[in-house]
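Colleague: Encoded as structure tokens, here's the structure I'll be asking about.
Just so it is clear, none of the values below were taken in a lab; they were calculated from the coordinates. Keep in mind that this is a model prediction, so the values were computed, not measured. Here the Cβ is made from the backbone with ideal geometry for all residues, glycine too, and neighbour counts use every protein chain on show.
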Amino acid sequence: MRLRLLANLVTILACATAGFAAAPIELELATERGVQITAPQEWLQLLAGIGIENVRIRGGRPGDEPTVANRGTDERPIYQIFGIITSRDQLRLTGGTFSRADRGRLKDYFDRLTADGAEALTAPRGMFGLTEKEIAAVFADLAQPIDFETRGQPLRAVMTQLRSKFASKLLLDAESERTLRHARPVADELKGVSAGTGLAMMLRTNGLTLRPEKSRGEPVAYRVEAAGSAASKATGERAPPKGWSVAAATTERAGRTNDKQIKHWPIGWEPHDTPGTAAPSLFQTLNAEIDGYTLAETLAAIGPRIKIPMYLDHASLAAHDIDPAKIQVRLPRTRTSYKRVIDRALSQARLGSQVRIDEAGNAFVWIMR
């Protein structure tokens, strides 16, 4: 009886293993005119050596072009690939050309296909190495508003609430977990700000960053990690135009080197329109005079008038030992705009400001060193 149970267990495990086997690949190759007579056999041996054994080779025909298709289902794909052995003894496939010295690259090609599908071979990649479809989903996820109060709340508690809203997992390494245990309570009220900008802002205060990542065979996740030197400026990237289509915007952005060099999710984005269009209340004129007030008091008085939030880069201020509550500001009586009043007050603390927008297109003022 025990032997029978063990035999049944082995059968069950074998079936389970088969269920998780790589998707089958059917490869058909055409040979161009001028291919060496031994080349097809040599390519067959190379492909068998990396696990591709279902291969047919035929002579080339006019109009032959590499293709890749799934003739199975999304759950049980069967990949049908057509490629060409060229007269230069190269293997030309959809999304790549390989010599016989490229054994590792070729294996990686088929591994990417079976792990993430045909799109992994052909789709252009932009920010964070993600495809258009992936970055569109990330933007939609991170554009959700923070719908609860944050000021004074433990950062971990805020992140737990946000985690429940996200379609993608929020991943923390051991160092990030240790940082969260000692994190200061959230200093700003971020209710109404989009989740991506708000979370990036809160993490930066504690020396952490947010980065979407895609591991092979896994869905996109949000990685929280310690900030490197690239995080010191927390610059904003240019946002898509008003009424933007994420997909269209990503296509246009995908080839930009600047986007590919983004290391972490930015704290807001540069508005596509002028700052005056994004935040018109900032550029209303007024008669202004400041005397006997601190920078903190000045900003608190202006905030309700401009009707858009202002946020301090707490990490940068702490690094430069700048306390807005201790800095006196003075502005002689003049007629100017709210933006100019803010900038002249900030300059007395060696600070500056930028108009940025969050993922949902809401404007805010970012104050930094």
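Colleague: Just grab the label-to-label distance for Ala140 and His320, each label 7 Å out from Cα along the Cβ direction, in nm (one decimal).
Modeller: Output for this residue pair reads 4.0 nm.
Colleague: Next question. With an 8 Å Cα cut-off and a minimum separation of 6 or more residues, compute the relative contact order for the range 69-150 in percent. Can you show the working numbers first?
Modeller: Working: 56 pairs, mean separation 11.1, N = 82.
For the range 69-150, the relative contact order is 13 percent.
Colleague: Right, something else. Output the 0 to 90 degree angle, nearest 10, between the alpha-carbon long axis of helix 132-142 and the longest principal axis computed from the alpha carbons of the chain.
Modeller: 40
Colleague: Which value, in Å³ per residue, describes the convex hull spanned by the Cα atoms of the range 98-137? If you can, show how the numbers build up before the last one.
Modeller: Details: hull volume 3.2 nm³, N = 40.
It is 79 Å³ per residue.
Colleague: May I ask what percent, to the nearest 5, of DSSP beta bridges between residues of the chain are antiparallel? Let's see the in-between values first.
Modeller: Working: 31 of 52 bridges.
The antiparallel fraction comes to roughly 60 percent.
Colleague: Kindly write out, for the range 320-334 in residue order, the coupling ³J(HN,Hα) from the Karplus curve 6.51 cos²θ - 1.76 cosθ + 1.60 (θ = phi - 60°), rounded to whole Hz, with x marking Gly and Pro.
Modeller: 9, 6, 10, 10, x, 6, 10, 9, 7, 10, 9, 9, x, 4, 7
Colleague: How tilted is helix 2-19 with respect to the longest principal axis of the chain? Cα atoms for both, answer in degrees (0 to 90, nearest 10).
Modeller: 70
Colleague: Could you state the number of Å between the C-alpha centres of the range 266-321 and the range 76-128?
Modeller: Their Cα centres are 51 Å away from one another.
Colleague: Rg and Dmax of the range 275-368 over Cα atoms: what are they, in angstrom?
Modeller: When restricted to Cα atoms, the range 275-368 yields Rg and Dmax of 12.9, 38 Å.
Colleague: Binning at 5 angstrom from zero up to the longest distance, how are the C-alpha pair distances of the range 159-201 distributed in percent?
Modeller: P(r) over the range 159-201, rounded to whole percents: 5, 17, 27, 28, 19, 4, 0.
Colleague: First select every other residue whose beta carbon is under 9 angstrom from the beta carbon of Ile81; then total the charges, Lys and Arg +1, Asp and Glu -1. Spell out each step's value before the answer.
Modeller: Numbers: positive: none; negative: Glu26, Glu28.
Summing Lys/Arg as +1 and Asp/Glu as -1 gives -2.
Colleague: Ok, one more. For the range 76-156, evaluate the Debye formula with one uniform point scatterer on each Cα (no solvent term) and list log10 I(q)/I(0) at q = 0.11, 0.19, 0.21, 0.23 Å⁻¹, rounded to two decimals.
Modeller: So the normalised log intensities are -0.50, -0.94, -1.05, -1.14.
Colleague: In a shell of Cβ-Cβ distance under 12 Å around Glu189, excluding Glu189 itself, what net charge do Lys and Arg (+1) and Asp and Glu (-1) give? Could the numbers behind the result be given before it?
Modeller: Details: positive: Arg151, Lys191; negative: Glu149, Asp188.
With Lys, Arg at +1 and Asp, Glu at -1, the neighbours total 0.
Colleague: Report relative contact order for the chain in percent, whole number only (criteria: Cα-Cα under 8 Å, sequence separation at least 6). Don't skip to the answer; put the middle values down first.
Modeller: Details: 607 pairs, mean separation 47.6, N = 369.
Relative contact order of the chain: 13 percent.
Colleague: Pull out the extension gain between Leu170 and Arg335, defined as 0.36 nm times the separation in residues minus the alpha carbon to alpha carbon distance; nm, one decimal.
Modeller: Details: separation 165, 0.36 × 165 = 59.40 nm, distance 4.82 nm.
Full extension from Leu170 to Arg335 adds 54.6 nm.
Colleague: Taking a virtual spin label 7 Å from the Cα of Phe148 along the C-beta vector, which residues in the range 190-214 bring their backbone nitrogen under 15 Å of it?
Modeller: 190-193, 195, 199
Colleague: When the convex hull of the Cα atoms of the chain is projected onto a plane and the area is averaged over all directions, what value comes out in nm²? Mind showing how you got there, number by number?
Modeller: Details: hull surface 106.9 nm².
Mean orientational projected area (the chain, Cα hull): 26.7 nm².
Colleague: Can you pick out the pairs among Lys169/Lys263; Lys133/Lys214; Lys133/Lys191; Lys107/Lys214 whose Cα atoms lie more than 23 Å from each other?
Modeller: Working: Lys169/Lys263 19 Å; Lys133/Lys214 12 Å; Lys133/Lys191 28 Å; Lys107/Lys214 19 Å.
Among Lys169/Lys263; Lys133/Lys214; Lys133/Lys191; Lys107/Lys214, the Cα-Cα distance tops 23 Å for Lys133/Lys191.
Colleague: Stretch Ser347-Ala101 to full length: gain in nm at 0.36 nm per residue minus the Cα-Cα span? Numbers along the way, then the final one.
Modeller: Details: separation 246, 0.36 × 246 = 88.56 nm, distance 5.97 nm.
Gain in length upon complete extension: 82.6 nm.
Colleague: Another question, if that's okay. Output the 0 to 90 degree angle, nearest 10, between the alpha-carbon long axis of helix 39-49 and the longest principal axis computed from the alpha carbons of the chain.
Modeller: Around 60 degrees separate the two axes.
Colleague: If you don't mind, another one. For the range 54-151, which trypsin sites (Lys or Arg not before Pro) are both in a DSSP coil and crowded by at most 13 other Cβ atoms within 10 Å? Show your work: numbers first, answer last.
Modeller: On the way: sites: Arg56, Arg58, Arg71, Arg88, Arg92, Arg100, Arg103, Arg105, Lys107, Arg112, Arg125, Lys133, Arg151; in loops: Arg71, Arg88, Arg100, Arg151.
Qualifying residues, ordered by number: Arg71, Arg88, Arg151.
Colleague: Set the Förster radius R0 to 35 Å, insert the Cβ-Cβ distance between Gln45 and Arg211 as r into 1/(1 + (r/R0)^6), and round the FRET efficiency to 0.05.
Modeller: On the way: r = 42 Å, r/R0 = 1.19.
Between Gln45 and Arg211 the formula returns 0.25.
Colleague: Nearest 0.05, what FRET efficiency do Phe283 and Ile37 give at R0 = 56 Å with Cβ-Cβ as r? Please report the intermediate quantities before stating the final value.
Modeller: On the way: r = 76 Å, r/R0 = 1.35.
Efficiency at R0 = 56 Å is approximately 0.15.
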